[in-house]
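Any read-out appearing in this document is the output of simple, stated calculations on the displayed coordinates, not a laboratory observation. As the structure is a computational prediction, the values presented were derived from the model and not from experiment. Don't worry about glycine lacking a Cβ; one is built from the backbone with ideal geometry, like all the others, and counts go over all protein chains shown.
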Amino acid sequence: MTRMPDEPLDGTTTRRLPKLHVLDWVALGLLLVGGVCVLVGLLPAHDAGATVSRLVPLLLFLGSVIILAELTATAEVFDVVATRLSILGRGRYAVLFLLCLALAAVTTMGLNLDTTAVLLTPVLLALAAKLRVEALPLAMTTVWLANTASLLLPVSNLTNLLAADRVALAPAQFAARMWAPQLAAIVVTGVFLWVCYWRRAGEATTGYAIPPRHEPRDAVLFRVAAAACLLFVVGILAGVPIGIASSVAAGILVVAFAVRRRSALRPALLPWRLLVFVIGLFLVVETVNRHGLADLVHAMMGDADDAAGAARAAGTGALLSNLVNNLPAYVAGESVVPLGNHNQLLALLVGTNVGPIVTPWASLATLLWYERCVSAGVRVPVRRFVWTSAGLAVTALTATVATLLLVS
């Protein structure tokens, strides 16, 4: 009998441990560096404890909302919605553009940017193949809207959750304050998408073949998933703490899958890499912030709450996000914003939400999106991505901050 290469000589079988992805190593490395900073005293244990305590509600939300989104995708809610929107477009390319724009924006605002980047991206790429249209415009729609449409609700972006205590607005009040800046960001993003990607692809594709309706394999799971997402959004608008709202919605869906499709409930549903990444990143940033970063950021942002101060805050947030990442950029900026500077704080939030689209590492959502594109075989031209994203970042930041100040 021929021995398999991985089978030991004594005849017993062994199971290989799963290989770690490069992002797994990045997350574990950050956590290790953060732990070393605490052990050697660069970050006092008290400050490290305060940082982790601040993250607990965020981590609860992040873990549960990713499970909610993953199971919603498994229940084929995104597939059904995307296919029915393409049917609604009746084969017209420009209408398909508007519908994909709306779908990506609503998904980002209602769930969060990582859901759009991780789960909606493969759905739209598969839809592009089914409709026989170019995939890159749909891919760019998800990555840009995942960032620029993340201003409306506290749940839309992790930076919004970090800002919740300082902003001190209930979800409905937050939406009332940010709806106009959010609309400005989406409109500018739509213009750039059409001019830079969709129109060029549409020159050779005046229409598309209308696909058949997508029917989910399990109608019960589909309905429960749709209801759980709706319950989640209604709950946060009603003022339910976001961690509780996401946990309840995810729990309902987990119970439904336990009854009807238990095989879908696997350990990989828990986004451990994302949770480890966030904890390690914040420990490292807090350490660097204590040793000179705060002074540099303060010099760049100033402490004025007028239009100039808001513009400097937004620009600093966007610049630091594209150099490092939007999460540490927000934390570093928030630490030097005076308590009464409400406009400057919200402008910083705009900079770290709308601005992190130029470099692939500017936001975790962009990294995850790029990974999905590579796995789907979609080539993303780097130079074109960078220059179009830079143009969008500058234009969208200008329009969004101007709108923020006008309605303040």
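Remarks
- Within this structure, THR142 fails the test of being assigned to a helix (DSSP H, G or I), in contact with a Ser or Thr (Cβ under 6 Å, 6 or more places away or on another chain) and without any contact (Cβ under 8 Å) to a residue 40 or more places away in the chain.
- Residues in segment 74-106 that are buried (at least 19 other Cβ atoms within 10 Å of the Cβ), assigned to a loop (DSSP other than H, G, I, E, B) and not charged (D, E, K, R): 2 in all.
- Only one of the numbered conditions (1) free of Cβ contacts under 8 Å to residues at least 40 places away in the same chain; (2) surrounded by fewer than 16 Cβ atoms within 10 Å (Cβ to Cβ) is not met by ALA209, and that is (1).
- The residues on offer are ALA164, ALA175, and the sole one that is free of Cβ contacts under 8 Å to residues at least 40 places away in the same chain, more than 19 Å from THR388 (Cα to Cα) and over 14 Å from the mean Cα position of the chain (by Cα) is ALA164.
- Segment 370-397, subset assigned to a loop (DSSP other than H, G, I, E, B) and of a type in the set (Val, Ile, Thr), residue surrounded by the fewest Cβ atoms within 10 Å (Cβ to Cβ): VAL380
- Among the candidates ALA304, ALA308, the residue that is surrounded by fewer than 22 Cβ atoms within 10 Å (Cβ to Cβ), of a type in the set (Gly, Ala, Ser) and part of a loop (DSSP other than H, G, I, E, B) is uniquely ALA304.
- Checking ARG273 against (1) closer than 30 Å to LEU39 by Cβ; (2) of a type outside the set (Asp, Glu); (3) touching a Pro at 6+ places or on another chain (Cβ under 9 Å), the condition it does not meet: (3)
- Matching residues, segment 282-326, being of a type in the set (D, E, K, R) and in contact with a Ser or Thr (Cβ under 8 Å, 6 or more places away or on another chain): GLU286
- Test: residue in segment 42-49 that is free of Cβ contacts under 8 Å to residues at least 40 places away in the same chain and outside any helix (DSSP H, G or I): yes
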